[in-house]
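Attaching a single structure in structure tokens format; questions to follow.
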Amino acid sequence: MLNIKNLKVGLAEEDKQILNGVDLNIGEGEVHAIMGPNGSGKSTTSYVLAGKDGYNVTAGSAELNGENLLDMDPEERAAAGLFLAFQYPVEIPGVGNMTFLRTAVNAQRKARGEKELTAGEFLKIVREKAKSLKIDAEMLKRPVNVGFSGGEKKRNEILQMAMLEPKMCVLDETDSGLDVDAMKLVAEGVNALRDGKRSFLVITHYQRLLDHIKPDVVHIMANGKIIKTGGPELALEVEQNGYADILAEVA
């Protein structure tokens, strides 16, 4: 599904290297988690995959189902099946949630050569998805994320993900700023989208999210590269002992 090899990335405006040779392979239907200290390169990895400006790829490759992501514009990456859930979802005043969702869905369908959804078709689907994700219908009538709580913003992103039906979902610290109840709701939404074919990359600081979104593989990142890989027990080890022992192992 997602194959990253020796990815090296620096800041476009500064002579500073952030990623120092990231290697990562996520198979179809797999859920991988990346944990690591602040500044280790976790969020940078997600931004580079999505095509955010401000970064220079100096070496390596990133492919989604054999297609070179790094040669694509951000909208092409989305159409190819990549979705990034942001740590801090942005507000879009004046743009209704329903208008935003329908525009995004039909733009991707058009890019894939599929027939666009009519207003009636879209309304039926979005209502079904919102109900399954326990999203209040009133949220759909409001401007995108305006006046939303942190939990509502994150659930709204999960609804976007459900509507766009991506192949590869990258969640960048989606638990950031959430209380326990909101985090459970978001995790339930993510788990509802696990179908054995869709893959996930969950970037997080904390084991608690992984109590609800069970990963197949856990990676520890430090100094711009993945330094250790294991099963879910690796996240528990970090929760109990921190990163010091793992960093000492590879020093």
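Of the residues M35, M72, M183, which exhibits the maximal mean-square fluctuation in a Gaussian network model of the chain defined by a 10 Å Cα contact cut-off?
Highest fluctuation of the listed residues: M72.
Enter the Cα centre distance for the pair the stretch 1-53 and the stretch 134-200, rounded to the nearest angstrom.
Taking the Cα centre of the stretch 134-200 as reference, the centre of the stretch 1-53 is 22 Å away.
Which residue, A187, A111, A235, tops the fluctuation ranking in a GNM of the chain built on C-alpha contacts under 10 Å?
A111
Counting only Cα, what are the radius of gyration and maximum Cα-Cα distance Dmax of the stretch 6-66, in Å?
Just the Cα atoms of the stretch 6-66 yield Rg and Dmax of 12.0, 37 Å.
In addition: Nearest 10 degrees is fine. How inclined is helix 97-111 to the longest principal axis of the chain, computing both from alpha carbons?
70 degrees
While we're on this one: In what order do V57, V186, V90 fall by count of nearby beta-carbon atoms within 10 Å, going from fewest to most? Intermediate values should be presented prior to the final figure.
Details: V57 14, V186 26, V90 8.
By the 10 Å Cβ count, ascending, the order reads V90, V57, V186.
Here is a follow-up. Can you sort V146, V48 so the residue with the fewest Cβ neighbours within 10 Å comes first?
With the sparsest Cβ surroundings first, the list reads V146, V48.
Once you have the Kirkwood Rh of the stretch 2-250 from its Cα pairs, apply Stokes-Einstein at 37 °C and 0.692 mPa s and quote D in µm²/s.
Details: Rh = 18.7 Å.
D = 175 µm²/s.
Further question: Positive end of the charge dipole of the stretch 20-156 (Lys, Arg +1 and Asp, Glu -1 on Cβ, about the Cα centre): tell me which of A111, L123, H32 has its Cα farthest that way.
L123
Sort D216, D181 by Cβ crowding within 10 Å, fewest neighbours at the top. Kindly include the intermediate steps, with their values, before the conclusion.
On the way: D216 15, D181 9.
Ascending number of Cβ neighbours within 10 Å: D181, D216.
So, with +1 on the Cβ of K and R and -1 on the Cβ of D and E, and no other charges, what is the size of the charge dipole of the chain about its Cα centre, to the nearest 20 debye? Please report the intermediate quantities before stating the final value.
Details: 30 positive and 37 negative charges, 165 e Å.
Its charge dipole is roughly 800 debye.
Additional query: What angle, in degrees between 0 and 90 and rounded to the nearest 10, separates the Cα long axis of helix 180-192 from the longest principal axis of the Cα atoms of the chain?
Tilt relative to the chain: about 80 degrees.
Just to confirm a number: summing +1 for Lys and Arg and -1 for Asp and Glu over residues other than V180 whose beta-carbon lies under 14 angstrom from that of V180, what do you get?
Values: positive: K154, K184, R208; negative: D175, D179, D181, E188, D211.
It works out to a net charge of -2.
Separate question: In the Gaussian network model of the chain, springs joining C-alpha atoms below 10 Å, which of K129, K52, K184 carries the largest mean-square fluctuation?
Of K129, K52, K184, the Gaussian network model singles out K52 as fluctuating most.
Readers should treat all values here as calculations from the given coordinates under stated rules, not as data from a laboratory. A quick note: this is a predicted structure, and the numbers were derived from the prediction, not measured. In this analysis, Cβ positions are derived from the backbone assuming ideal geometry, glycine residues included, and neighbour counts consider all displayed protein chains.
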